[in-house]
Amino acid sequence: MGAAKKKKHEEHENHERWLVSYADFITLLFAFFVVLYATSTSNVEKQKEFEESVRAEMKLAVVGGGQQGPGEGADGIVADLLNPLDRFPRRGGPAEVRDFVERKLKQTMTKEEQEKYVLEVRSDPMGARISLASSAFFPAGSTKLLKSGLETLDKVAGVLQTSNRRLVVEAHTDNQPVDTTEYPSNWELAGLRATSVLRYLVKYHGISPRRMAAMSFGDQQPVAPNDTEEHRAKNRRIDILITTDQEE
């Protein structure tokens with residue numbers, strides 16, 4: 001009797017249950033490629049509408065799923081899906097941020113533009129830095145932004161807008177002395193250049209001033225010896241530090 005029941009149970013066992021998991025996998029894969037396609041378009045308004053619709057659907061999907069920690073809800077899931085293409089790394093360290101910034105600048109700038117305006121993008125324990133050539137944004141001995149550099153600064157701002165991390169605009173000069181009524185030393189010259197960039201980002205790109213600061217280093221932190229004009233040009237720079245801290 002017992003053997004008969006066991007045999008009957010084995011006959012009704014579903015050996016094709018793996019098809020259900022496979023179908024779920026294919027559905028998720030399809031959804032992922034839809035996300036990739038949608039986020040690759042240049043229509044910002046449509047992209048926002050798409051993201052909102054995905055968030056709405058995901059919120060319906062997670063209802064009744066229990067408590068969720070920070071970043072584990074629908075918005076966190078959507079952000080993680082979109083991160084690989086268009087979103088600033090939510091949990092990335094300095095190296096990940098540097099790679100993201102480099103990729104975005106290459107997408108928006110021509111090679112000639114990068115060579116003229118961007119000295120380098122690098123990372124250190126404090127965060128990632130976009131190092132800009134001061135001479136391409138300011139006339140010699142001046143703190144007024146050149147109109148010719150604003151388009152490039154707009155593109156840099158577009159990258160900064162995708163993050164909520166704290167930003168520090170650091171201005172550096174070479175060791176050539178400055179002694180005028182307006183700028184008694186390189187400290188003042190660098191400081192006003194830093195605040196000029198900061199004000200532009202706040203006024204024209206809406207970056208929150210709460211997460212920004214400006215610093216002047218004068219000629220005290222050179223990246224090259226001040227022995228040739230080529231080296232001095234590297235020292236005359238504006239570094240925009242994207243820190244590891246996020247605005248609360």
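The values are calculated or read from the model by the stated rules, or taken from the named source; none is laboratory data. Only a predicted model underlies this, so the values are computations on that prediction, with no experimental measurement involved. Reconstructed Cβ throughout: ideal geometry from the backbone, glycine too, with neighbour counts over all protein chains shown.
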### Residue identified as of a type outside the set (S, T, Y), under 28 Å from R103 (Cβ atoms) and touching a strand residue (DSSP E or B) at 6+ places or on another chain (Cβ under 6 Å) among L153, L167, L201
L167
#### Entry: Out of N164, N175, sole residue that is closer than 23 Å to K104 by Cβ, touching a residue at least 40 places away in the same chain (Cβ under 8 Å) and of a type in the set (S, T, N, Q)
N164
### Message
If I filter the stretch 200-231 down to residues being buried (at least 16 other Cβ atoms within 10 Å of the Cβ) and hydroxyl-bearing (S, T, Y), which single residue comes out as nearest to N186 (Cα to Cα)?
### Response
S216
### Query
Within the group S148, S123, S134, S163, which residue is at pLDDT 95 or above and under 15 Å from the mean Cα position of the chain (by Cα)?
S123
### Query
If you take the residues of the stretch 90-128 that are among the aliphatic types (A, V, I, L, M) and surrounded by fewer than 16 Cβ atoms within 10 Å (Cβ to Cβ), which of them is nearest to I240 (Cα to Cα)?
M126
### Filter result for the condition that a residue is surrounded by 14 or more Cβ atoms within 10 Å (Cβ to Cβ), in the same structural domain as R122 (by TED's automatic domain parsing), assigned to a loop (DSSP other than H, G, I, E, B) and of a type in the set (V, I, T), over V197, V169, V178
V178
### Task
Assess whether A157 counts as being on the phi < 0 side of the Ramachandran plot, among the small types (G, A, S), touching a His at 6+ places or on another chain (Cβ under 6 Å) and assigned to a loop (DSSP other than H, G, I, E, B).
no
### Task
Name every residue in the stretch 200-248 that is assigned to a helix (DSSP H, G or I) and within 18 Å of L119 (Cβ to Cβ), in order of residue number.
E229, E230, H231, R232, A233, K234, N235
